[in-house]
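Student: The structure follows.
The values are calculated or read from the model by the stated rules, or taken from the named source; none is laboratory data. If you're wondering where the values come from, they're calculated on a predicted model, not measured in any experiment. Glycine also receives a Cβ, built like all others from the backbone with ideal geometry; neighbour counts cover every protein chain displayed.
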Amino acid sequence: MASTATNSSGHLPFVFEEGNKDPFSPTIIWLHGGTESHHEYTKVLSYLPKDAYHHILLDLPGHGVLSSSDFSMEIAMNNLELAIQKHAHSKRKCYIVGFSLGGVTALCFFTKSTKVCGGEGVKDICV
């Protein structure tokens, strides 16, 4: 299922969801590297158990379906926060996996987004 969310800058992040549909299942958010797109992780997901997690694959600004825009860390973090708020099943068990640019985005998000990452928010980041 694909859906979009709009942030205050008007950018539309592409959100692709797979896996467990149970609203209490843990969510893993996958952030791709530079010059890539959310498709970078589709093969990885084929090796994981289908119903163990809810997966969110996100195109970063300037990549994939958002390739017509320039990359901005601020917009990337806003889009990530929107994806968590609107699509993550269980805010208590939300994990972020990031490679290269996606890893830097995840680390910046983790250090600056205390309202999402503190307390009941994101539990782990794997870079």
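Student: Kindly indicate the residue of the range 9-20 that is at pLDDT below 90 and outside any strand (DSSP E or B) and also nearest to ILE96 (Cα to Cα) among those meeting that condition.
Tutor: Checked the range 9-20; the qualifying residue nearest to ILE96 (Cα to Cα) is PRO13.
Student: Which members of the range 27-52 meet the condition of being closer than 13 Å to VAL97 by Cα and of a type outside the set (Gly, Ala, Ser)?
Tutor: THR27, ILE28, ILE29, TRP30, LEU31, HIS32, HIS38, GLU40, TYR41, VAL44, LEU45
Student: When the residues of the range 71-87 are narrowed to those that are small (Gly, Ala, Ser) and assigned to a helix (DSSP H, G or I), which ends up surrounded by the most Cβ atoms within 10 Å (Cβ to Cβ)?
Tutor: ALA76
Student: A further question follows. Could you grab me the full set of residues in the range 56-70 that are in a loop (DSSP other than H, G, I, E, B) and of a type outside the set (Ser, Thr, Tyr)?
Tutor: Taking the range 56-70 and keeping what is in a loop (DSSP other than H, G, I, E, B), we get 59-63, 67-70.
Listed by number, the residues that qualify are ASP59, LEU60, PRO61, GLY62, HIS63, ASP70.
Student: In the range 26-70, how many residues are surrounded by 15 or more Cβ atoms within 10 Å (Cβ to Cβ), among the hydrophobic types (A, V, I, L, M, F, W, C) and at pLDDT 90 or above?
Tutor: 9
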